[in-house]
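Notes for the one structure printed next.
Nothing in this text is a laboratory measurement; each read-out follows from the coordinates by a stated rule. Bear in mind the structure is a predicted one, so any value in this text is a computation, not a measurement. Counting neighbours? That spans all protein chains shown, and the Cβs are built from the backbone with ideal geometry, glycine included.
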Amino acid sequence: MYGAFGSGKTTLVAQLRDRVPTALVFDPESVGELLGGIVTIPLWRTEVAAIAAGLVLQYRRPLLVPMTLLKKEYVAEIFGLLDMAAVRVEHFFVDVPAEVLAARIDARTEYLGDPEAEAADPAPASGRRARRPRGRDPRKGGPAAGTGGDTGVPKRLSERRGPAVRMSPQPPASRGRRGAGTT
């Protein structure tokens, strides 16, 4: 799941996980935390791809990944590494109207239970919306499938069948590779 900060990726992944109990969840932010919050270095991208591929190939289960990437080349690098590992990626862009996104970001608190620290933060929540992806799937450059804040999206995604969404780790027939899965 790709989308802007505050678009609901993590919530959507949690709802999909409830509907697909065999799925694993991997949040690449945990790799960023391990690296001191730095997600712009090549090590972050290679480790995210390696962990995602390892989880899919080791456990042979679907993997749900909420992710925000602002640079198309980072998306291409991670997806390229997954492709080299024979891991098929089903990619969904979570898009919400700008006013909904702004309200969600403004409502967030970075200092749960500490309103004084929140008030003293030099980077207010509203400043975090400046680098919002522009409603496009960064891999394809075309219009993205958006949720528009629609809470029925997880149900519809998990119920879809066919080439658009597979909820089991199956390699794409055209590649003829064995042992691959879905992220």
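Laid out as a table, the results:
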| read-out | value |
| --- | --- |
| Nonlocal amide H pairs with LEU64, under 5 Å, H built at 1.01 Å | LEU24, VAL25, PHE26 |
| Percent of C-alpha pairs per 5 Å bin, region 1-116, short to long | 2, 11, 18, 22, 21, 15, 7, 4, 1, 0 |
| Local electrostatic count, VAL31, Cβ distance below 12 Å [Lys/Arg +1, Asp/Glu -1] | -3 |
